[in-house]
Amino acid sequence: MRRDLFDEEHDLFRETVREFMAREVVPHHAQWEKDGIVPREVWKKAGELGMFGFSVPEEYGGSGITDFRYNMVIVEEIIRVGASGLGFGLHNDIMAPYMVELTNNEQKQRWLPGFASGELITAIGMTEPGAGSDLQGIRTTAVREGDHYVVNGQKTFITNGINSDLVVVVTKTDPSAGARGTSLLVVERGMEGFTRGRNLEKVGMHAQDTAELFFENVRVPVANLLGGEEGQGFFQLMNNLPQERLSIAVAAVAAAETVLEETIEYCRNRTAFGRSIGKFQNTRFLLAELATEVEIARHYVDKCVRALNAKELTAVDAAKAKWWTTELQNKVVDRCVQLHGGYGYMLEYPVAKAWLDSRVQTIYGGTTEIMKEIIGRSFGF
Ligand SMILES: Cc1cc2nc3c(=O)[nH]c(=O)nc-3n(C[C@H](O)[C@H](O)[C@H](O)COP(=O)(O)OP(=O)(O)OC[C@H]3O[C@@H](n4cnc5c(N)ncnc54)[C@H](O)[C@@H]3O)c2cc1C
């Protein structure tokens with residue numbers, strides 16, 4: 001069915017992003033996978049092309065456009081070439097609302113120009129070694145002392161953990177107040193007592209720097225509190241998580257489409273028992289099933305993007321999109337490995353890398369089980 005989500009401007013922007021990926025990313029990504037990180041220069045080059053901060057107001061170096069379809073174009077083009085090391089989605093889709101909507105004018109002036117140019121790379125630190133799904137169980141504290149908060153604690157699995165200059169850290173400003181005791185503080189590169197641990201060795205996404213972060217008596221100015229009011233952190237997170245989950249769903253569908261396309265081509269050309277493996281009924285039925293599910297997923301996600309743009313996307317809509325598309329992505333990629341036979345297990349084939357890169361999708365941004373909890377709770381049992 002015809003996809004009618006995009007306008008001409010989005011198609012033109014897609015051309016620019018596709019050309020950027022071919023020139024600046026694809027030739028280098030294998031090396032970045034070996035390095036475990038992407039160089040900061042590629043962030044600056046992407047910034048020069050206007051790939052960051054659509055929603056950043058023009059006076060701070062952005063485009064002042066709040067239209068998630070541009071974010072979607074970037075995610076889709078990144079996925080199409082398997083550039084899983086670029087943490088642009090985290091910066092654009094997840095961090096932009098925190099940086100644009102929760103900042104005062106003074107903070108905007110300090111951070112938004114760098115955010116839009118790619119000179120200031122962002123990250124978010126929610127997860128701790130002892131608490132991931134159970135966000136209220138975090139133990140990082142921020143104790144007010146005059147004009148500063150003194151932050152102590154640890155975060156783990158942080159995307160852009162090594163490259164980041166600004167980390168939105170979820171802290172407890174009042175550990176006795178439950179959800180109302182959580183606050184978001186921006187910790188900046190170079191602050192005394194803020195150190196980074198290992199760049200974690202992952203199953204896939206090898207060029208993505210995912211790290212532990214440590215905070216030991218870090219004095220963070222009160223001027224770095226987001227949202228202007230202590231104790232609002234939990235609600236601010238809940239407000240922004242649907243967009244994060246939709247971004248993951250967008251990536252899931254794009255990955256499933258890409259792998260499926262490659263696999264159909266593979267099945268056309270590979271022969272066994274004197275004919276193309278695509279002629280076996282098992283292959284055709286399996287591809288038919290996957291193609292059907294992926295197309296249905298595509299339309300639901302596109303509808304969610306329209307809803308987000310209209311400020312109508314609910315937490316339940318986003319949870320449905322997240323769990324279903326990421327589970328589907330895993331199924332599609334796994335079945336497509338099978339259709340490639342032994343070649344599917346060789347890393348020189350994109351399907352093998354896609355298999356490694358996809359596994360995390362049902363885990364981060366809220367696990368499948370947590371998504372089902374969110375949906376289940378909406379029935380009001
Ligand atoms: C590559 C990668 C990048 C990441 N990037 C970031 C980042 O940038 N910032 C950040 O803050 N975090 C990040 N994370 C962390 C990620 O969001 C968490 O790993 C995830 O939310 C799960 O938390 P956990 O690992 O503590 O697992 P746990 O919460 O310990 O869950 C373990 C298992 O128990 C299940 N479970 C837990 N609670 C329930 C329940 N109520 N009902 C049913 N089942 C339940 C889970 O679904 C899961 O299967 C990243 C993780 C990875 C792997």
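Of these, SER55, SER63, which one is among the polar types (S, T, N, Q), open to solvent by less than 80 Å² (accessible area, probe 1.4 Å), farther than 19 Å from ASN240 by Cβ and not in a helix (DSSP H, G or I)? Before the answer, list the steps.
Values: SER55 fails: farther than 19 Å from ASN240 by Cβ.
Criteria check complete, one pass: SER63.
Here is the figure for the range 129-139: residues that are in contact with a strand residue (DSSP E or B) (Cβ under 8 Å, 6 or more places away or on another chain), open to solvent by less than 30 Å² (accessible area, probe 1.4 Å) and within 8 Å of the ligand (Cβ to nearest atom) total 0.
The number of residues in the range 116-127 being within 16 Å of the ligand (Cβ to nearest atom) and open to solvent by less than 10 Å² (accessible area, probe 1.4 Å) comes to 4. Taking the range 188-204 as the range and being open to solvent by less than 60 Å² (accessible area, probe 1.4 Å), within 16 Å of the ligand (Cβ to nearest atom) and either part of a loop (DSSP other than H, G, I, E, B) or of a type in the set (Asp, Glu) (or both) as the test, the residues that pass are LEU200, LYS202, GLY204. Contact map, the range 196-212: residues that are under 13 Å from THR156 (Cβ atoms) paired with residues that are at pLDDT below 95 and more than 10 Å from the ligand (Cβ to nearest atom), Cβ distance under 7 Å, separation 6+ or inter-chain. Pairs shown: ALA211/ARG198; GLU212/ARG198.
Condition check: in contact with a Phe, Trp or Tyr (Cβ under 9 Å, 6 or more places away or on another chain) and without any contact (Cβ under 8 Å) to a residue 60 or more places away in the chain. Does GLY344 satisfy that? Before you say what the answer is, go through the steps one by one.
Details: in contact with a Phe, Trp or Tyr (Cβ under 9 Å, 6 or more places away or on another chain): yes; without any contact (Cβ under 8 Å) to a residue 60 or more places away in the chain: yes.
Yes.
Within the range 344-369, if we keep just the residues that are open to solvent by 30 Å² or more (accessible area, probe 1.4 Å) and touching a helix residue (DSSP H, G or I) at 6+ places or on another chain (Cβ under 8 Å), the residue that is nearest to the ligand (Cβ to nearest atom) turns out to be TYR364. For the criterion of being over 26 Å from LYS303 (Cβ atoms) and not aliphatic (A, V, I, L, M), GLY62 passes.
Being over 19 Å from the mean Cα position of the chain (by Cα), farther than 24 Å from LEU135 by Cβ and assigned to a helix (DSSP H, G or I) is true of GLN338.
Of the residues ASN163, ASN92, ASN152, only one is open to solvent by 40 Å² or more (accessible area, probe 1.4 Å) and either within 16 Å of the ligand (Cβ to nearest atom) or more than 24 Å from MET371 (Cα to Cα) (or both); which? Talk me through it step by step, then tell me what you get.
Details: ASN163 fails: open to solvent by 40 Å² or more (accessible area, probe 1.4 Å); ASN92 fails: open to solvent by 40 Å² or more (accessible area, probe 1.4 Å).
On inspection, the qualifying residue turns out to be ASN152.
Of the numbered criteria (1) hydrophobic (A, V, I, L, M, F, W, C); (2) surrounded by fewer than 20 Cβ atoms within 10 Å (Cβ to Cβ); (3) closer than 28 Å to ASP174 by Cβ, the one ILE264 fails is (3).
Does the range 4-24 hold any residues that are open to solvent by less than 80 Å² (accessible area, probe 1.4 Å) and touching a helix residue (DSSP H, G or I) at 6+ places or on another chain (Cβ under 7 Å), and which are they? Give the derivation first.
Going through the range 4-24, the residues open to solvent by less than 80 Å² (accessible area, probe 1.4 Å) turn out to be 5-7, 10-11, 13-14, 16-17, 20-22, 24.
Hits for the range 4-24 are LEU5, PHE6, HIS10, PHE13, ARG14, VAL17, PHE20, MET21, GLU24.
Would you point out the residue of the range 205-238, among those that are within 16 Å of the ligand (Cβ to nearest atom) and part of a helix (DSSP H, G or I), that is farthest from ALA307 (Cα to Cα)? Walk me through it before giving the result.
Quick first cut of the range 205-238, residues within 16 Å of the ligand (Cβ to nearest atom) only: 205-215, 226, 233-234, 236-238.
In the following step, the residues that additionally are part of a helix (DSSP H, G or I) were identified as 226, 233-234, 236-238.
On the way: LEU226: 26, GLY233: 24, PHE234: 23, GLN236: 19, LEU237: 19, MET238: 17 Å.
The residue in question is LEU226.
When VAL143 is tested against (1) over 21 Å from the mean Cα position of the chain (by Cα); (2) among the aliphatic types (A, V, I, L, M); (3) not in a strand (DSSP E or B), just one condition goes unmet, and that condition is (3).
The values are calculated or read from the model by the stated rules, or taken from the named source; none is laboratory data. These numbers come from a predicted model, not from an experiment. Methodologically, a virtual Cβ is constructed for each residue, glycine included, from the backbone with ideal geometry; neighbour enumeration extends over all protein chains shown. In case anyone asks, the SASA skips ligands and DNA or RNA and just uses the protein heavy atoms, side chains included. Shrake-Rupley method; radii C 1.70, N 1.55, O 1.52, S 1.80 Å.
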